[in-house]
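Report on the following structure.
Bear in mind these aren't lab numbers, they're just calculated from the coordinates by the rules spelled out. What you see is a predicted model; the values in this text were computed from it and never measured. Here the Cβ is made from the backbone with ideal geometry for all residues, glycine too, and neighbour counts use every protein chain on show.
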Amino acid sequence: MQYQAIIFDFDYTLGDSTEGIVVSANDALEKMGYPMASREAIRRTIGLSLPETYQVLTGDKEPEKGETFRRYFVEKADEVMTENSELYPDARNILAYLKENGVRVAIVTTKFDYRIEGILKKCQATEYVSKIVGGNNVSNPKPDPEGTLKVLADWGLAKNEVLYVGDSLVDAKTAQSAGVPFAAVTTGTTTKEDFLPYEKVGVFANLTELMTVL
């Protein structure tokens, strides 16, 4: 394999936390006096930071309210997220394959690191992921390249030795900002056509299809 490491996004790339996210977002909105948002509206915010999610769902750009939404969301997510999150059916086998072939795996996500740790433990996949950079580990959320560059620096890898895999335009912009190769999967809400303006090694229906060309 041409890459020494692969950096994965989590939501809609390795797994699905839709139900936990919908419950947590609507709980936060309700506590703040807003009507509940539709499942689809919330799905389309997945991958954004929580303050950005608040802004998209409400139209309110006030930073303090975005922080309040974030706090309420996290409180509810601590109760419901792990049990309402699953890896995609092919994800665990692919992670195992990468480890067996000496390819290091990192996850860079807006989810908090302990949330990813809990999901991986639940899905018996902890041993396959060497590094997690969560939204609570960086000063600037994706598409800022901070998390991705942290992985490269910690592992002493050149940019062309790492592949970033994600399902959203946030991920495409993150890879672009970091200067690393990008592979898109369409297991989220972003279409193949949406990825056309971005440099990439390809757009794939799922992780299994991606692995066939690496």
Tell me which trypsin sites (Lys or Arg not before Pro) from segment 11-78 have a DSSP coil assignment and no more than 11 other beta carbons within 10 Å of their own.
61
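For a Förster distance of 30 Å, can you work out the FRET efficiency between the beta-carbons of residue 198 and residue 99, rounded to the nearest 0.05?
Numbers: r = 28 Å, r/R0 = 0.95.
That gives a FRET efficiency of 0.60.
To the nearest 0.05, how large is the calculated FRET efficiency for residue 131 and residue 212 if R₀ is 22 Å and r is the Cβ-Cβ distance? Kindly include the intermediate steps, with their values, before the conclusion.
Working: r = 25 Å, r/R0 = 1.14.
Step by step, r from the Cβ atoms, then E = 0.30.
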Can you tell which of 97, 153, 195 lies farthest toward the positive end of the dipole of segment 61-201, using +1 and -1 charges on the Cβ of basic and acidic side chains (Lys, Arg; Asp, Glu)?
153
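Short version: what are the Cα gyration tensor semi-axes of the chain, square root of 5 times each eigenvalue, largest first, in whole Å?
On the way: eigenvalues 157, 64, 52 Å².
The three semi-axes for the chain are 28, 18, 16 Å.
So, with +1 on the Cβ of K and R and -1 on the Cβ of D and E, and no other charges, what is the size of the charge dipole of the chain about its Cα centre, to the nearest 20 debye? All intermediate terms of the calculation are to be shown ahead of the outcome.
Numbers: 23 positive and 32 negative charges, 56 e Å.
It comes to approximately 280 debye.
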For residue 79 and residue 1, extending 7 Å from Cα along the Cα-Cβ vector and measuring point to point gives, in nm, a value of 3.9 nm
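Relative contact order of segment 18-83, please, whole-number percent, based on alpha carbon pairs below 8 angstrom and at least 6 residues apart. Provide the component values of the computation, followed by the final result.
Values: 62 pairs, mean separation 31.0, N = 66.
Over segment 18-83, the number comes to 47 percent.
Give, in nm to one decimal, the length gained when the segment between residue 61 and residue 30 is fully stretched (0.36 nm per residue of separation minus the Cα-Cα distance).
Working: separation 31, 0.36 × 31 = 11.16 nm, distance 1.77 nm.
Roughly 9.4 nm would be gained on extension.
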Backbone N under 15 Å from the residue 41 label point (7 Å along Cα→Cβ), restricted to segment 11-30
22-30
Over what distance in Å are the Cα centres of segment 149-201 and segment 1-57 separated?
18 Å
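Using a/c under 1.5 as the rounded threshold, could you call segment 92-164 rounded, prolate or oblate? The axes a ≥ b ≥ c are square roots of the C-alpha gyration tensor eigenvalues, and prolate needs a/b larger than b/c, oblate otherwise.
Working: a/c = 2.44, a/b = 1.14, b/c = 2.14.
It is oblate, given that a/c is not under 1.5 and a/b is not larger than b/c.
Tally the DSSP beta bridges in the chain and give the antiparallel ones as a percent, rounded to 5. Let's see the in-between values first.
Working: 2 of 21 bridges.
The antiparallel proportion sits near 10 percent.
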